Amino acid sequence: MTAARPFRQKIDEGILDRAAALFARRGFEQTSVQAIADAVGLSKAGLLHHFPSKDALREAVRAQVRTLGQQALDQVAAMPLGTGRDRLAVEVLVDVALAHPGLVALLLAPATQPGSEVCDPELGAAPAMAAFGVDPETADPERLVRVVGALAALAVLTLGAHQAGQTTAWRSHVIDTSFDALGHRRPGAAPSDPDQVEA
């Protein structure tokens, strides 16, 4: 019986990620239970066996976002703030984003579809910001902008990697690009062009 539990959890995670992707594209109200069932290859009754209603699905998506955010934060929380923690935070968040593209699409909805009903005010980037030691209310503006830029680059590029079918090939490039947005110099990185304006 113990082998069935991880299998069920994996199925449920897949359902939540597909549901999140549909919520991101269409909005919660415009996404039917049948559309979610079709996306995951289940009958409507089969989907409702896993999640008894669309509202239950939405709550489970929110809980999954919080859980993944907390897990990412837990992996870096013991490290002191600085370059090493920033690098690890980027790596951890890239891996989460590559594993859960639907959840990333939903988290990105406020930026990609401003003013739309897709935005879910209960979803936020607080754990991701905390992984970098940033409190949006008190952070230095430059640091805040750099962290937001790194997170935006990370999210957009991981979604692009999924669409291109290149999640493994792009992983290191997504990490490097997101890390560069934080303003750290990577060992071996090409020096910036002196004619370019510093960011």
### Task
Whenever you get a sec, line up D180, D38 from highest to lowest accessible area (probe 1.4 Å, protein heavy atoms).
D38, D180
## Note on the structure
Sorted on mean Cβ neighbours within 10 Å (highest first), peptides 72-78, 137-143, 149-155, 89-95 come out as 89-95, 149-155, 72-78, 137-143
### Query
Per-residue accessible area for R87 at 1.4 Å probe radius, Å² rounded to 10?
70
### Query
How far is it, in nm, from the label point at R25 to the one at T83 when both lie 7 Å from their Cα along the line to the Cβ?
4.2
### Task
Return the distance in nm (one decimal) between the two label points of a simple spin-label model at S53 and D95, each offset 7 Å from Cα along Cα→Cβ.
3.7
### Task
Just grab the label-to-label distance for A35 and Q163, each label 7 Å out from Cα along the Cβ direction, in nm (one decimal).
1.8
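Give, in nm to one decimal, the length gained when the segment between Q9 and T67 is fully stretched (0.36 nm per residue of separation minus the Cα-Cα distance). Please list the in-between numbers first.
On the way: separation 58, 0.36 × 58 = 20.88 nm, distance 1.36 nm.
The Q9-T67 span can extend by a further 19.5 nm.
Ranked by accessible surface with a 1.4 Å probe, highest first, in what order do M79, M129 come? Walk me through the intermediate numbers first.
Numbers: M79 65, M129 15 Å².
Solvent-accessible surface, decreasing: M79, M129.
The values are calculated or read from the model by the stated rules, or taken from the named source; none is laboratory data. Because the structure is a prediction, the values reported are computed rather than measured. Counting neighbours? That spans all protein chains shown, and the Cβs are built from the backbone with ideal geometry, glycine included. For the accessible areas, the whole protein counts, side chains as well, though only heavy atoms, and no ligand, DNA or RNA atoms are used. Shrake-Rupley method; radii C 1.70, N 1.55, O 1.52, S 1.80 Å.
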